[in-house]
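Inspection log for the structure reproduced underneath, given as structure tokens.
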Amino acid sequence: MPKTKLYTPRQNEKIKLSRTQVSLFKECPRCFYMKHRYGIGTPGSPPFLLNSAVDGLLKTEFEIYRKNREPHPLFIENKLNFIPMNFDNEKWRNIKFDYEKQNMILSGILDDLWINQDTNEVVLADYKATSTQKDINIFITYKWQMDFYYWLLKKLNMKVSKNTYFVYANADRYKERFDGKMYFKMSIKNYVADDSWVENTLTEIRNTLDSDKAPQSYKECKNCNYNLNINNIELT
């Protein structure tokens, strides 16, 4: 039995979508369609446990400054008048919005929210781990993530800033010795959120799911191209 509840077309039933599922639709509408209409998901990949470890350590570190209502050293270094935002609810990272226009429940899990003390705006933040000597590139999927959360927080009536931030932990892989330790250079990269695509995409999702014709795949989708190449091979 498929883990994802199959969508019943043209009934406009309430559908629950996470941020990752909205990104999946933007990556490849066909893969999204096959998962939600037929329960056929894309192949999984091994969990990025080191990335998850860095994410967890950063959350623990920022909690110290949240509790003390103090700026993190990265804020001071980058001349940002921010402090981590305080919450009464321990589950504040889990956000959910009932989007009545398309009869959807949209959800996501935040890494962090800060307060800009100059403007009193909420600032979106996300933690990332990498290892590169080049200038850190913000991948398009990361931008979609911020765009979607920016839109979602606005719908939840938060005064949220367009200026969002990625906290990067950049591992140095060129040390002379390992000794069971990894060394990271910490940095912050600004990204100006653009949520202009979100509502149109949610409309496309509903229309796509209501159609009995599977959409065209994204031409660079690895999963679709793999299946196409396999089907084109004549085995003897």
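The values are calculated or read from the model by the stated rules, or taken from the named source; none is laboratory data. In this text, all values refer to a predicted model and were calculated from it rather than measured experimentally. As a convention, Cβ positions derive from the backbone with ideal geometry for all residues, glycine included, and neighbour counts pool all protein chains shown. The area values use the complete protein model at the heavy-atom level, side chains included, leaving out ligands, DNA and RNA. Shrake-Rupley method; radii C 1.70, N 1.55, O 1.52, S 1.80 Å.
Please work out how much length the chain gains when fully extended from residue 91 to residue 6, using 0.36 nm per residue of separation minus the C-alpha to C-alpha distance, in nm with one decimal.
27.8 nm
Whole number in Å², please: accessible area per residue of the range 64-148, 1.4 Å probe, ligands, DNA and RNA not counted.
I get 57 Å² per residue for the range 64-148.
How large is the accessible surface per residue of the range 153-230, computed with a 1.4 Å probe and reported in Å² as a whole number?
68
Compute, for residue 230, the solvent-accessible surface of its heavy atoms (probe 1.4 Å) with the complete set of protein chains present, and express it in square angstrom to the nearest 10.
Rounded to the nearest 10, the figure is 80 Å².
For the range 124-195, with all protein chains present and a 1.4 Å probe, just round the carbon and sulfur fraction of the accessible area to a whole percent.
The nonpolar share, carbon plus sulfur, comes to 47 percent.
List residues of the range 156-181, by number, whose backbone nitrogen lies under 13 Å from a label position 7 Å along Cα→C-beta of residue 51.
In the range 156-181, the label zone of residue 51 (backbone N under 13 Å from the point 7 Å along Cα→Cβ) covers 169.
With a 1.4 Å probe and all protein chains kept in place, how much accessible area does residue 52 have, in Å² rounded to the nearest 10?
Ignoring ligands and nucleic acids, residue 52 comes out at about 70 Å².
May I ask for the net charge around residue 101, where only other residues with Cβ less than 11 Å from the Cβ of residue 101 are counted and Lys, Arg are +1 while Asp, Glu are -1?
-1
If we count every other residue with Cβ under 14 angstrom of residue 65's Cβ, Lys/Arg +1 and Asp/Glu -1, where does the sum land?
Counting the neighbours of residue 65, the net charge comes to -1.
Within the range 11-34, whose backbone N sits under 18 Å from a point 7 Å along Cα→Cβ of residue 226?
The answer is 24-25, 27-34, whose backbone nitrogens lie closer than 18 Å to the label point.
What percent does the relative contact order of the range 68-223 come to when contacts are Cα pairs within less than 8 Å and at least six residues apart?
18
Could you give the distance between the Cα centres of the range 64-127 and the range 32-47, to the whole Å?
30
So which trypsin sites (Lys or Arg not before Pro) in the range 13-92 are both in a DSSP loop and have at most 14 other Cβ atoms within 10 Å of their Cβ?
Here the trypsin sites (Lys or Arg not before Pro) that fit, given the DSSP loop and packing criteria, are 14, 69, 79, 91.
Please work out the Cα convex hull volume for the range 10-133 and give it in Å³ per residue.
174
Roughly how many Å² of residue 42 are accessible to a 1.4 Å probe, to the nearest 10?
Per-residue accessible area (residue 42): approximately 60 Å².
Report, to the nearest whole %, how much of the accessible area of the range 1-92 belongs to carbon and sulfur atoms, 1.4 Å probe, protein only.
On the range 1-92, the fraction of accessible area on carbon and sulfur atoms equals 55 percent.
If you take the Cα Rg of the range 1-64 and divide it by 2.2 N^0.38 Å, with N the number of residues, what do you get?
Against the empirical 2.2 N^0.38 Å value, I get 1.52 for the range 1-64.
Hey, of (1) 212; (2) 193; (3) 151, which did the structure itself give for volume of the Cα convex hull per residue in Å³ when calculated?
So the structure-derived entry is (2).
Give the long-range amide H neighbours of residue 99: residues separated by 5 or more places, or on another chain, with amide H under 5 Å away, using H modelled in the peptide plane at 1.01 Å from N.
Long-range HN contacts for residue 99: 104, 105, 106.
Taking 0.36 nm per residue of sequence separation and subtracting the Cα-Cα distance, how much length would be gained by fully extending the chain between residue 210 and residue 135, in nm to one decimal?
Using 0.36 nm per residue and subtracting the Cα-Cα distance, I get 22.7 nm.
Sorted from largest to smallest, which semi-axis lengths in Å does the alpha carbon gyration tensor of the range 114-236 give for its equivalent ellipsoid, taking the root of 5 times each eigenvalue?
So the three semi-axes of the range 114-236 are 34, 29, 9 Å.
For 211, 196, give me the order by solvent-accessible area with a 1.4 Å probe, most accessible first, ignoring ligands, DNA and RNA.
196, 211
Looking at the chain as a GNM with Cα springs under 10 Å, which of 209, 80, 50 has the largest mean-square fluctuation?
Ranking 209, 80, 50 by mean-square fluctuation puts 50 first.
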